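Reading through the structure tokens given below for one structure.
The values are calculated or read from the model by the stated rules, or taken from the named source; none is laboratory data. All figures in this text were calculated on a predicted structure; none of them were measured in a lab. In this analysis, Cβ positions are derived from the backbone assuming ideal geometry, glycine residues included, and neighbour counts consider all displayed protein chains.
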Ligand SMILES: [Mn+2]
């Protein structure tokens, strides 16, 4: 492959884009610094923490997503994992918050792993958790002669389970070669009709399969179990909620943890409380960030309910500051971009996640503790709101500016002409009607 040259990855271009914006940024940053100082908060400490904060970009999110009904392809969509890496590099170069990518197999299959590693290194990208896929068949792969139509790790047929276990072990092996340290397992197993599946036996089979993956994967690896309430199984899913996920993780081992995808719950479920419970159990793997209005919408993080995102981070920062043993969450975006340029969505989403983190760092935890102890719900709530309503934009922009990323990532991206440039060398990719690409 030819590595493309693009203005979006050119430091001088980004610096030139930032130049006319720096005076206003300095002014806003100084004003916010004074305001925070009056609250006893050192703005530099917050900026440093924000600067160190990272969220992984999933490789599948740089292509156009779709729904069950249709997918509308976009110009210049990535053709393979190498193109995806280049798109992810642009996201990281301009928004400065996604230094790692999370690959998915078989979607990211390549026969040349060393070349993949080399390209990632040249683009300054590392590899986060590897994702396995046993929720669809792999018709062109001779290692997958059996169908996952009726499940994978919990399938009634031991041969299908063995095939699915083998796929997961292979994903871990590829991940190890790429420098990843975790394997994420999400299965679509479940039932579409009452009576279709024996709940207890299916769960037992799932645990047994995950135990086999855990025993076979590298000892340096962590195993993330992702739950999801529904879809593709619409009546019952084997790992439908954090309770099932926790029971399974506890049955498997210390390095087996529960991953929370914000969209994978019933409407109005208190996700921040799930975070607190998983932190308590020392079983929080991390997050797949996205947003939703109705279900597993996979909308951009912070697009619908930024306060909920803040409340999730409020729990995460609380755990971080209490130095909870073993607290080492892994953060990733997991969204489907149906109507936007995925690069723009990923950049703005990474910024929204960072924003929620910055706001959560501003919570006066001593005051909050006192209001909780004194049973003062109004002031406790106001303590959170005071942090949430603080405009931390200058902190986020300053963190980006200092690391050579863009003060205004979307404006810089559009000015770079990246999409038009890749559209000239990447043919339009039709097909793929699924909601996930
Ligand atoms: Mn997910």
Looking only at region 293-302, and only at residues there that are in contact with a strand residue (DSSP E or B) (Cβ under 8 Å, 6 or more places away or on another chain) and more than 16 Å from the ligand (Cβ to nearest atom), the one that is farthest from residue 350 (Cα to Cα): 293
Name the single residue that is farthest from the ligand (Cβ to nearest atom) among those in region 156-196 being touching a strand residue (DSSP E or B) at 6+ places or on another chain (Cβ under 6 Å) and assigned to a loop (DSSP other than H, G, I, E, B). 179
Determine whether residue 281 is surrounded by fewer than 22 Cβ atoms within 10 Å (Cβ to Cβ), modelled with pLDDT under 95 and over 19 Å from the mean Cα position of the chain (by Cα). no
Within region 148-170, is there a residue that is under 30 Å from residue 396 (Cβ atoms) and either touching a helix residue (DSSP H, G or I) at 6+ places or on another chain (Cβ under 9 Å) or surrounded by fewer than 14 Cβ atoms within 10 Å (Cβ to Cβ) (or both)? no
Residue 129 vs. criteria surrounded by fewer than 22 Cβ atoms within 10 Å (Cβ to Cβ) and at pLDDT 95 or above: no
Which of the residues belonging to region 115-146 are assigned to a helix (DSSP H, G or I), more than 17 Å from residue 80 (Cβ to Cβ) and in contact (Cβ under 8 Å) with a residue 60 or more places away in the chain? none
List the number of the failed condition for residue 191; all other conditions in (1) free of Cβ contacts under 8 Å to residues at least 40 places away in the same chain; (2) buried (at least 18 other Cβ atoms within 10 Å of the Cβ) hold. (1)
Restricting region 252-268 to residues that are over 18 Å from the mean Cα position of the chain (by Cα) and more than 22 Å from residue 130 (Cα to Cα), which is surrounded by the fewest Cβ atoms within 10 Å (Cβ to Cβ)? 268
Wholly enclosed helices (runs of 4 or more DSSP H) of region 1-114 bearing at least 3 residues out of contact with any strand residue (DSSP E or B) (no Cβ under 9 Å at 6 or more places or on another chain) and closer than 18 Å to residue 426 by Cα: 81-95
Name the residues in region 356-381 that are in a helix (DSSP H, G or I) and either out of contact with any helix residue (DSSP H, G or I) (no Cβ under 6 Å at 6 or more places or on another chain) or surrounded by fewer than 13 Cβ atoms within 10 Å (Cβ to Cβ) (or both), would you? 365, 366, 369, 370, 373, 377, 378, 381
Given (1) within 16 Å of the ligand (Cβ to nearest atom); (2) surrounded by fewer than 23 Cβ atoms within 10 Å (Cβ to Cβ); (3) over 25 Å from residue 391 (Cβ atoms); (4) touching a residue at least 40 places away in the same chain (Cβ under 8 Å), identify the lone condition not met by residue 271. (3)
Would you confirm whether or not region 303-312 contains a residue that is within 16 Å of the ligand (Cβ to nearest atom), outside any strand (DSSP E or B) and under 27 Å from residue 194 (Cα atoms)? no
For region 207-237, which residues satisfy the criterion of being part of a loop (DSSP other than H, G, I, E, B) and either within 16 Å of the ligand (Cβ to nearest atom) or surrounded by fewer than 16 Cβ atoms within 10 Å (Cβ to Cβ) (or both)? 218, 219, 220, 227, 228, 229, 230, 231, 232, 233, 234, 235
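To keep it simple, each residue is scored yes or no on (1) touching a helix residue (DSSP H, G or I) at 6+ places or on another chain (Cβ under 7 Å); (2) closer than 30 Å to residue 69 by Cα; (3) more than 15 Å from the ligand (Cβ to nearest atom).
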{"residue": "281", "(1), (2), (3)": "yes, no, yes"}
{"residue": "288", "(1), (2), (3)": "no, yes, no"}
{"residue": "291", "(1), (2), (3)": "no, yes, no"}
{"residue": "328", "(1), (2), (3)": "no, no, yes"}
{"residue": "332", "(1), (2), (3)": "no, yes, no"}
{"residue": "336", "(1), (2), (3)": "no, yes, no"}
Select from region 238-249 the residues that are touching a strand residue (DSSP E or B) at 6+ places or on another chain (Cβ under 8 Å) and either away from the ligand (no atom under 14 Å from the Cβ) or assigned to a loop (DSSP other than H, G, I, E, B) (or both) and list them in ascending order. 238, 239, 240, 246, 248, 249
Considering only region 317-353, state which residues are assigned to a loop (DSSP other than H, G, I, E, B), crowded, with 21+ Cβ neighbours inside 10 Å and touching a strand residue (DSSP E or B) at 6+ places or on another chain (Cβ under 6 Å). 334
So residue 411, is it crowded, with 21+ Cβ neighbours inside 10 Å, under 20 Å from residue 351 (Cα atoms) and in contact (Cβ under 8 Å) with a residue 40 or more places away in the chain: no
